[in-house]
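Below: the structure, in structure tokens.
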Amino acid sequence: MDDPHTDDQLDAPTEHGTPGLTDTGSASFDLDAPTPTPSGNGRCGERRFPVAGQHIDEYEIVREIARGGMGVVFLAKQQPLNRFVALKMILESNVANDAERKRFENEARAAGALDHPGIVPVYEVGSHDGCPYFSMGYVDGKSLAATLQDGPLHPTHAARIAQAVATAIAHAHDQGIIHRDIKPANILIDREGNPRLTDFGVCKLLSAQSQLTTSGELIGTPHYMPPEQAGGADATIGPASDVYSIGAVLYAMMTDRPPFLAPSPIDVVAQVMTKDPVPPSQFFSGIPHDLETITLKCLAKAPADRYATAHDLADDLHRFLNGQPIHAKPPGIVQRIRHAVRRHVLLASVSGSMALLLVVLLIILGVALVQSQSKVARLQNLLEVERNGARRFAGARLSRDTTKDQFEIERLTDAAIEFADDDPQLAIHLSIHAAELAFENDVNAPSRLVKFLRQVAQSDTDPALPDEPTLQSLIEQAEKRLTRQLTEFEHKIYGLIDRSATFDSPPLETE
């Protein structure tokens, strides 16, 4: 149930109250369920609602300020302390099932264990006429969801809110509590502009022996839940799951929409699990590159590709806000190639033999990178030695009309031949990269490179490579293309390959 227990007019109690915000549905609570009709009778089991002036123990009801399918949040006055609080109740005690009651108790217990200025505090837990309730801090303001109804926020403002939420949820994580439903409706903004996180009703207690969810059960709000949560993989939900949700909220604050939109919750879940979000800057060009990088890192499909902790996210947002270099980097080449192949596979299948050839090269390169990351480090050392030697005679070679690209192709070819016996898979990787450079720069490949590729086609040392006829066709196509200009379409395909990032080493410098 959404919990925007905020209100702007303490002096104007109403009988019917204010309906709860329903900007996004929650898979754990039915916000569209029939709502009981208010009545002067406050008996829980008969589906009656407390009304203004009624007392629930030491709390005097002022008015209703939020409502969900399971219960209601009231603005109430705690008489002994003469203060306003938010009073959350399950009204249908005889109807609510055990899971709902346990989640209600879970929220009170979890939030009650937290003491942080960015989290709405729980004051007291009790029961009235069989209706469980708990009182919590009243936030004089409105929810972030209501704030966003006026349009997107300035990127700096959005970053400040996200940084504060990340700091708050990091405190919860330190106490072994995962929120699992961070979204604009559960972030309250007080009159000073400070965000306060609320509604721990579907939180996960990392130390709990019993779980409130079963495998495959969908808990949370689809627009803001991470892929592992959307897939019902409860065992994999951890701090990185909340990091994803904060990233989704940051995305929404800057673009005025969540990362994924679809006609139904099921369609949203499908997008969350299979699609990449559109970069925020494509909606608003003024979004800073560093802030976009932070956002997209949070929204990575794999938890391991996100910030490891909410502390790390808060720190990077702090660095951004203070004009310091951030730690997050754009996705690496393996991830870019994987995504590029997925996005362009249909286009490549209908674009002729050369397009197919280039996509095959991308796939081979990606496989080699994934399987040879440790070996690439050895190559970096080798190339550094080669580069030092190359600087001594690069000028002489260039003076004989040998271009830098030709020189790099030759050095990669030499390295491939040198590794052929000791590490054939890495040698194949290098030779393909050398051929790739020859393609893009329209230069002749060394004869020893063509010979080496033909030897590869005749061997079976690498089961990840295509069969011999396919590789033979690749070589024949390469020979045809080495001496003429690439077409405009081929240049677009090759734009997918970031050569400088492949080996994480700077280009050859000439003196």
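Some points to look at:
- Boolean, Ala168 is under 21 Å from the mean Cα position of the chain (by Cα) and either under 17 Å from Tyr307 (Cα atoms) or outside any helix (DSSP H, G or I) (or both): yes
- Residue within region 214-224 that is at pLDDT 85 or above and surrounded by fewer than 23 Cβ atoms within 10 Å (Cβ to Cβ) present: no
- Here Val278 meets the list (1) hydrophobic (A, V, I, L, M, F, W, C); (2) more than 26 Å from Gln324 (Cβ to Cβ); (3) out of contact with any Ser or Thr (no Cβ under 9 Å at 6 or more places or on another chain) almost entirely, failing just condition (3).
- Scope region 126-139; condition surrounded by fewer than 16 Cβ atoms within 10 Å (Cβ to Cβ) and part of a strand (DSSP E or B); matching residues: Ser127
The values are calculated or read from the model by the stated rules, or taken from the named source; none is laboratory data. Note that the coordinates shown come from a computational prediction; the quantities given were computed from them, not determined experimentally. Every residue, glycine among them, receives a Cβ derived from its backbone with ideal geometry; neighbour counts consider all protein chains shown.
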